[in-house]
Amino acid sequence: MTAPSALRVGLGQYSSAGRKDTNQDFHGALLAEGSVNETKGIAIALADGISSSAVSRDAAEAAVTGFLNDYYSTPEAWSTKHSAMRVLEATNAWLHRQTQRTALRFDRNKGYVCTFSAVVLKSTTAHLFHVGDSRIYRLEDRTLEQLTSDHRYRVSDEESFLSRALGIESYVDIEYSELVLEVGATLLLTTDGVHEFLDERSMAEILTQPAPSLDATANRLVTAALEAGSYDNLTAQVVRIEALPERSATETYRQLNELPFPPALRPGEHFDGFKICRVLTVSARSSVFLAIDEASQQRVVLKVPSVDLRDDVAHLERFLLEEWIASRVDNPHVITAVRRTQPKRHIYQVTEYVDGATLTQWMRDNARPTLDQVRSIVKQIARALRALHRLEMLHQDLRPDNVLIDRHGTITVIDLGSAYVPGLEELGTRAQAQHMPGTPQYLAPEYFVGGHRSTRSDQFSLGVIAYQLLCGQLPYGADVARATSPAAQKRLRYRPLRGRNSELPPWIDLALEKATRIDPMHRYDEISEFVHDLETPSSRFLRQDQPPLIERNPVAFWQGLSATLALVILALLILRD
Amino acid sequence: MAYLAPAEFATKMVDAGEAKIFMSTKDTIVRAYMAGAILALAAVFAITIITQTGNPLIGSILFPVGFCMLYLLGFDLLTGVFVLCPLALLDKRPGVTVGGVLRNWGLVFVGNFAGALTVAILMSFVFTMGYNTDGGPIAKKVAGIGEARTLGFAAYGAAGWFTCFVRGMLCNWMVSTGVVGAMISTHVSGKVIAMWMPIFVFFYMTFEHSVVNMFLFPFSIIMGGDFSVGDYLFWNELPTALGNLVGGLAFTGLTLYATHVRTSEDRPRPVTAPIASTPASA
């Protein structure tokens with residue numbers, strides 16, 4: 001229930017395809033209540049897909065629903081601006097990648113591109129986020145004031161192009177502004193199908209006319225634009241501020257923005273609505289506790305940043321980001337963040353509790369697992385990785401300590417603290433400038449020479465884990481981390497599994513070797529191919545029992561070739577006379 | 001809170017040891033070379049103060065500057081890797097082998113020695129005007145130290161050798177306490193204070209530090225000390241290095257690892273007999 005002093009708004013929306021066959025506009029709003037209203041506010045968003053593209057409707061829908069979902073799962077400690085910007089940058093990068101991976105990338109007018117305008121109302125402030133040529137207006141004294149600028153490049157009166165939109169480039173410059181709210185203030189969001197055909201005065205007139213509901217007002221705006229000859233999709237959203245919170249609520253919010261670190265937690269203590277049961281692990285990066293949520297009586301895991309890293313801004317940013325990433329990924333094999341209605345009063349993460357052991361422990365307990373056990377583990381980790389990769393994210397710290405296995409053999413991948421999220425590179429580079437993202441034993445070689453990271457980097461880590469599961473050792477020992485130049489990497493040699501575990505069929509070795517090749521281009525294109533090759537001997541491997549000489553020993557190959565040429569020259573010299 | 005909980009820094013020690021084993025050859029050598037050189041310069045600095053003031057206390061108080069500098073710059077001393085690397089092995093970190101630990105120690109030894117030797121040559125050149133003068137009181141002092149701590153031990157045979165060994169143990173007990181102390185604090189000031197105290201203690205009591213000696217004895221030979229390279233290696237460097245290894249590992253590394261990483265269960269608390277509460281009868 002909202003308190004009498006909470007922010008309350010009235011909302012009217014209407015969208016129509018107009019004279020077109022399909023409606024490529026998409027709009028939505030989330031009128032949050034209770035504590036979420038206080039910490040995250042109310043969000044209203046609208047997107048307009050470019051008419052030249054057939055998939056732009058999907059883009060508009062992805063942008064609006066993605067924004068509304070992801071914004072509310074950002075950490076409480078992030079400011080509104082920071083949260084929304086991060087979400088939009090990630091959405092933009094995702095849309096851009098969708099275009100890049102299809103044939104649509106060859107035509108700039110096609111692809112996953114849309115305009116985007118959103119208002120986040122929180123406490124007594126409206127935060128505006130805008131890119132493209134949809135508009136946000138404010139009604140004041142019966143006149144409309146346009147709060148956003150049109151990102152449009154006009155060639156002539158007839159021709160103009162969007163200069164900025166979501167999904168055009170891998171980076172997007174989002175227009176941001178703030179506005180202090182008053183009770184009774186009215187905001188209007190429209191797509192170009194409306195505002196291109198109605199002038200501001202007639203729109204203001206419609207807005208001030210008495211109407212049975214705000215939906216009716218939005219409907220009237222759209223109808224008026226249609227009558228004025230609009231040939232585009234039309235969408236209008238009207239927001240009226242009905243009640244604003246008192247200042248004190250604003251102040252509580254401000255405190256939330258500077259959340260303190262939790263005190264030293266001990267078993268048996270009560271903390272922020274949790275009862276601490278016991279310490280799970282303590283490391284130089286974080287302390288992890290098992291706790292019971294006193295409201296739901298559910299067992300959860302609390303993760304608290306270590307004292308050592310509390311002054312490290314980049315590390316803390318990643319720490320907060322981790323929970324957000326966990327709440328974005330929806331997969332049974334990836335750890336899920338626990339969302340609670342009660343706002344947090346300290347900096348910490350809450351995730352579900354998995355009743356199981358780490359894969360490291362499991363390997364100690366099962367020194368000689370069967371091939372089937374290993375396959376099942378690898379397959380499940382691969383599923384978790386695919387869930388991350390579909391969102392264009394990389395795990396980057398896949399190692400046995402970060403894989404939990406329960407009694408039934410179900411795998412959960414944890415620790416997304418090193419994950420790479422496109423669009424958020426500037427966060428990552430700062431945190432990763434000093435440290436490698438993962439753990440040297442499992443990190444792909446390209447990280448050590450500043451190479452390009454890709455899903456194949458996670459594939460390498462998975463390959464190393466599979467290798468270790470089968471024989472307890474690493475395919476390159478400790479040598480990968482020590483080889484910090486391409487020349488040194490060329491000298492690295494895969495140590496065949498056959499010598500270490502003779503019971504295995506030889507084609508398993510070939511699959512592992514391919515997944516852990518030093519050059520990422522020589523690994524599998526997709527992790528699923530690796531999983532498949534662990535199950536059935538690939539015909540490629542059966543045919544090619546031994547790799548060609550040039551791959552096995554390039555020096556010998558070239559020496560041999562040179563010797564042959566020398567002999568030919570010698571023969572020619574002798575035969576000359 | 002400007003310091004870490006014991007369980008946090010104990011895992012940090014193991015992580016640090018693991019990272020050193022995975023370090024590339026180039027980085028290991030460069031960091032060891034610089035550490036040896038900076039520590040050697042600090043030793044020259046301390047000896048200069050001692051000969052000028054005639055008071056070893058002042059030299060000892062100021063000697064830790066060298067250690068603080070090299071630690072803050074992230075360089076590695078043999079005494080430090082003696083303590084940290086075996087912990088990664090004990091913790092069964094994947095890819096960490098006995099060979100990897102020995103490789104690291106060997107590289108750090110070579111790097112430290114090369115760095116210390118470089119400073120010994122540079123400083124002897126400076127003190128003797130390019131080997132034209134006798135080097136003055138400092139040369140005499142250093143030559144005296146060199147003889148006392150090689151031939152002096154040799155005069156007592158095995159007992160002398162073990163005296164040097166025990167002095168090496170005591171030295172790295174102190175020095176590695178400094179290394180760990182620096183890990184506990186999260187601020188530069190705290191790190192410096194934590195390192196300063198034990199280094200001061202070891203230097204004033206003339207415990208044997210394998211890397212300081214890598215400078216002191218070659219320098220002493222150059223400055224006219226009357227003992228052979230063989231005397232130095234057998235009667236000083238060998239027992240010192242072994243003593244450093246045993247002392248650092250036994251007194252600091254293993255104890256902290258055993259209690260803070262492999263923490264045992266608390267002993268069962270004595271169950272207090274429930275107070276028999278008899279209903280108050282009228």
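The values are calculated or read from the model by the stated rules, or taken from the named source; none is laboratory data. If you're wondering where the values come from, they're calculated on a predicted model, not measured in any experiment. Reconstructed Cβ throughout: ideal geometry from the backbone, glycine too, with neighbour counts over all protein chains shown.
Points to keep in mind about this one:
- Filtering segment A:492-505 for residues that are modelled with pLDDT of 85 or more, over 23 Å from A:HIS532 (Cα atoms) and within 14 Å of chain B (Cβ to nearest Cβ) leaves a non-empty set.
- Test: A:VAL304 is within 30 Å of B:TYR3 (Cβ to Cβ) and either surrounded by fewer than 22 Cβ atoms within 10 Å (Cβ to Cβ) or within 20 Å of the chain's Cα centre (by Cα) (or both): no
- Single unsatisfied condition, A:TYR442 versus (1) at pLDDT 90 or above; (2) within 9 Å of chain B (Cβ to nearest Cβ); (3) in a helix (DSSP H, G or I): (3)
- For segment B:202-238, taking the residues that are of a type in the set (Gly, Ala, Ser) and in contact with a helix residue (DSSP H, G or I) (Cβ under 9 Å, 6 or more places away or on another chain), the one that is nearest to B:THR118 (Cα to Cα) is identified as B:SER220.
- Some residue of segment B:247-269 being touching a His at 6+ places or on another chain (Cβ under 9 Å), touching a residue at least 40 places away in the same chain (Cβ under 8 Å) and buried (at least 23 other Cβ atoms within 10 Å of the Cβ): no
- A single entry from B:ALA194, B:ALA158 fulfils the requirement of being free of Cβ contacts under 8 Å to residues at least 24 places away in the same chain, assigned to a helix (DSSP H, G or I) and within 25 Å of B:ASN55 (Cα to Cα): B:ALA194.
- Where helices (runs of 4 or more DSSP H) sit wholly within segment B:22-124, those with at least 2 residues that are free of Cβ contacts under 8 Å to residues at least 12 places away in the same chain occupy B:25-53.
- Residue within segment B:56-68 that is away from chain A (no Cβ under 14 Å), of a type in the set (S, T, N, Q) and more than 17 Å from the chain's Cα centre (by Cα) present: no
- Filtered residues of segment A:107-148 (kept if assigned to a strand (DSSP E or B) and among the aliphatic types (A, V, I, L, M)): A:ALA118, A:VAL119, A:VAL120, A:LEU121, A:ALA126, A:LEU128, A:VAL131, A:ILE136, A:LEU139, A:LEU144
- Where A:SER51 falls short, out of the listed (1) assigned to a loop (DSSP other than H, G, I, E, B); (2) touching a strand residue (DSSP E or B) at 6+ places or on another chain (Cβ under 9 Å); (3) not basic (Lys, Arg): (2)
- Checking each residue in segment B:25-46 for being within 14 Å of another protein chain (Cβ to nearest Cβ) and either surrounded by 22 or more Cβ atoms within 10 Å (Cβ to Cβ) or modelled with pLDDT under 90 (or both) picks out B:THR28, B:ARG31.
- A single member of A:ALA483, A:ALA478, A:ALA488 is over 16 Å from A:PHE530 (Cα atoms) and modelled with pLDDT under 85, and it is A:ALA478.
- Only listed residue being in a loop (DSSP other than H, G, I, E, B) and more than 17 Å from the chain's Cα centre (by Cα), chosen from A:GLN342, A:GLN380, A:GLN373, A:GLN361: A:GLN342
- Complete set of residues in segment A:398-418 that are at pLDDT 90 or above and assigned to a loop (DSSP other than H, G, I, E, B): A:LEU398, A:ARG399, A:ARG407, A:HIS408, A:GLY409, A:THR410, A:ILE414
- Failed criterion for A:GLY268 (all others in (1) assigned to a loop (DSSP other than H, G, I, E, B); (2) farther than 30 Å from B:SER264 by Cβ hold): (2)
- When B:LYS12 is tested against (1) at pLDDT below 90; (2) in a loop (DSSP other than H, G, I, E, B); (3) closer than 22 Å to B:ALA88 by Cα, only condition (2) is not met.
- The residue that is surrounded by the fewest Cβ atoms within 10 Å (Cβ to Cβ), counting only those in segment A:480-491 that are at the interface with chain B (Cβ under 9 Å from one of its Cβ atoms) and in a helix (DSSP H, G or I), is A:ALA488.
- Filter pass, B:LEU89 being within 12 Å of chain A (Cβ to nearest Cβ), modelled with pLDDT of 95 or more and over 26 Å from B:LYS191 (Cα atoms): no
- Screening B:PHE9 on (1) of a type outside the set (Asp, Glu); (2) surrounded by fewer than 21 Cβ atoms within 10 Å (Cβ to Cβ); (3) within 8 Å of chain A (Cβ to nearest Cβ); (4) touching a residue at least 40 places away in the same chain (Cβ under 8 Å) shows it passes everything except condition (2).
- Complete set of residues in segment A:450-473 that are facing chain B (nearest Cβ under 10 Å) and at pLDDT below 90: A:GLY472, A:GLN473
- Complete set of residues in segment A:152-199 that are in a helix (DSSP H, G or I) and either surrounded by fewer than 15 Cβ atoms within 10 Å (Cβ to Cβ) or touching an Asp or Glu at 6+ places or on another chain (Cβ under 7 Å) (or both): A:ASP192, A:GLY193
- Test for B:GLU18: is it without any contact (Cβ under 8 Å) to a residue 12 or more places away in the chain, under 30 Å from A:ARG364 (Cα atoms) and touching an Asp or Glu at 6+ places or on another chain (Cβ under 9 Å): no
- All positions within segment A:133-151 that are in contact (Cβ under 8 Å) with a residue 24 or more places away in the chain, buried (at least 16 other Cβ atoms within 10 Å of the Cβ) and touching a helix residue (DSSP H, G or I) at 6+ places or on another chain (Cβ under 9 Å): A:ASP133, A:SER134, A:ARG135, A:TYR137, A:LEU139, A:LEU144
- Given (1) closer than 30 Å to B:LYS191 by Cβ; (2) among the polar types (S, T, N, Q); (3) crowded, with 21+ Cβ neighbours inside 10 Å, index of the condition A:THR351 fails: (1)
- The listed residue being more than 16 Å from B:GLY80 (Cβ to Cβ) and of a type in the set (Ser, Thr, Tyr), out of B:THR240, B:THR252, B:THR206, B:THR177: B:THR206
- Subset tally (residues that are in contact with a helix residue (DSSP H, G or I) (Cβ under 8 Å, 6 or more places away or on another chain) and farther than 26 Å from B:LEU4 by Cα) for segment B:144-186: 20
- Condition met for A:LEU470 (part of a helix (DSSP H, G or I), closer than 20 Å to A:MET363 by Cβ and of a type outside the set (Ser, Thr, Tyr)): yes
- Of all residues in segment A:41-52 being of a type outside the set (A, V, I, L, M) and surrounded by 22 or more Cβ atoms within 10 Å (Cβ to Cβ), the one that is farthest from A:GLN98 (Cα to Cα): A:GLY41
- Scanning segment B:52-63 finds no residues that are within 30 Å of B:VAL98 (Cβ to Cβ) and crowded, with 21+ Cβ neighbours inside 10 Å.
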